[in-house]
Amino acid sequence: MGIIIIAAIIVVAAIYYFTQQQSTTVGKKQDIKVGIILGFTGPIESLTPAMAASAELAFKEASDSGSLLNGSTITTERADSTCVDSAAATTAAEGMISGGVNAIMGADCSGVTGAIATNVAVPNGVVMISPSATSPGLTDLADNGFFFRTAPSDARGGQVLADITKDRGVSSIAITYTNNDYGKGLADVYEAAVKAHGINVTTVTSHEEGKADYGAEVATLAAAGGDAVAVLGYLDQGGGMIIQGSLDSGAFDVFVLSDGMIGDSLTDRFGDDLNKSFGSLPGSTGKGASLFADVAKAAGIESSGPYTGESYDAAALITLAMQAGKSADRSSIQQNVMSVANAPGTKIYPGELKKALDLLASGSEINYEGATAVEFTDVGEAFGSFLEKEIKGGKFATKQQR
């Protein structure tokens with residue numbers, strides 16, 4: 001009799017378990033936890049608040065729509081990647097995943113992004129969509145299809161920056177890069193591309209982040225000389241300090257700026273002293289960019305900074321992948337990101353997530369264009385376009401899309 005009772009209990013428990021699992025699959029109303037991991041401290045800390053707010057805007061839009069998985073809502077959890085400390089970033093991501101996040105918007109800088117993906121997200125079957133990790137090395141990451149990025153690779157970004165350098169009439173240039181995956185990968189592409197344009201590269205030297213003094217680095221660059229110095233780094237630490245030292249010493253007054261150097265904190269600091277300088281970063285001037293600017297402004301978010309649109313798009317894709325698979329399960333999100341990101345289907349722009357969710361619920365296909373004209377390659381990274389930036393009157397301005 002005891003055996004029969006135990007067997008009955010097991011059967012009832014099994015029925016309950018599988019009923020609960022099935023209800024999740026068909027879209028039982030639930031509170032879904034999603035992580036946002038960005039460098040809230042470190043060398044790009046002035047950029048990440050707007051990036052995080054943009055991602056949270058998309059998650060809120062989906063939650064408020066009432067259309068996500070039968071009225072489900074999303075709760076976000078923030079964590080600090082530091083941008084440069086892979087061990088700290090990995091620990092932060094482990095805490096998120098053990099806490100039950102279903103997907104991650106982030107990380108930001110390439111080194112920490114690769115570390116989190118390889119050591120935490122992929123082994124646990126958690127999708128990551130980075131808005132800003134641009135190292136070419138991430139293209140071939142062994143990610144089992146769990147890593148995506150809405151920012152294009154520096155394999156193209158370095159070429160675009162070199163083209164702008166040529167068009168600006170620079171004939172000789174010194175290059176300094178932050179000594180990590182992002183900086184080295186971008187420097188390699190940029191150096192080869194400017195040389196192919198016939199520009200003389202006087203020196204290529206790395207610099208570390210977080211130092212108190214960059215006098216030695218500035219002296220090396222000054223000794224090599226050049227019409228300009230390309231600073232391929234981060235505006236809030238090493239890159240900004242090298243510009244400071246170069247201006248103070250009179251070594252350079254023209255700076256070629258990578259995407260990690262473009263932000264209001266740089267022009268707030270140096271103003272008109274940078275009026276001859278220029279650079280590039282991923283971005284678009286198309287319909288989606290304009291609509292995102294309106295949506296962000298209505299929410300009190302400054303959308304002109306780097307990677308805000310890409311952050312909104314990364315978050316939007318996570319929510320749409322849930323709806324497409326009728327489930328917030330980690331594996332279902334992974335299986336549906338590509339289908340909502342690319343054609344065929346109805347084009348979807350910022351502010352239209354309810355429309356997209358309703359279409360998906362009815363079985364229709366969508367093609368998420370978003371703020372940045374999202375289109376993924378077969379490995380899940382954005383083809384992307386770039387904005388040529390220049391500094392006029394001590395402020396960044398967009399000259400054109402490249």
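Read-outs: derived from the displayed coordinates by stated rules, not from any lab. A quick note: this is a predicted structure, and the numbers were derived from the prediction, not measured. Note that we place each Cβ from the backbone using ideal geometry, even for glycine, and neighbour counts take in every protein chain shown.
For this structure, a couple of remarks:
- Listed residue pairs exceeding 26 Å between alpha carbons, taken from Lys354/Lys399; Lys33/Lys354; Lys184/Lys297; Lys184/Lys395; Lys326/Lys347: Lys354/Lys399; Lys184/Lys297; Lys184/Lys395
- Relative pair counts by distance (%), Cα atoms of segment 137-286, 5 Å bins: 2, 10, 20, 23, 21, 13, 7, 3, 2, 0
- Between helix 215-224 and the chain there is an angle of about 60 degrees, using the helix long axis and the longest principal axis of the Cα atoms.
- Relative to the dominant Cα principal axis of the chain, helix 308-325 is inclined by about 20°.
- Helix 86-98 and the longest principal axis of the Cα set of the chain meet at an angle near 20°.
- Neighbourhood charge, 10 Å Cβ-Cβ cut-off, centred on Ser130 and excluding it, Lys, Arg +1 and Asp, Glu -1: -2
- In Hz, Karplus ³J(HN,Hα) per residue of segment 375-388 (6.51, -1.76, 1.60; θ = phi - 60°; x = Gly, Pro): 8, 8, 6, 5, 9, x, 10, 6, 4, x, 10, 10, 10, 7
- Model label zone, Arg168; criterion: amide N under 12 Å from point 7 Å along Cα-to-beta-carbon; scope segment 273-311: 274-281
- What separates the Cα centres of segment 195-263 and segment 32-89 is a distance of 32 Å.
- Just so you know, the Rg over Rh for the chain is 1.05, from Cα atoms, with Rh as the Kirkwood radius.
- The ranking of Ser290, Ser364, Ser65 from fewest to most other beta carbons within 10 Å of each one's beta carbon is Ser364, Ser290, Ser65.
- Projected label points at Ala223 and Thr205, each 7 Å from Cα along the beta carbon direction, are separated by 0.7 nanometres.
- Nearby aspartates and glutamates by direct alpha-carbon distance to Lys392 (threshold 13 angstrom, same-chain neighbours under 8 apart not counted): Asp264, Asp268, Asp272, Asp273
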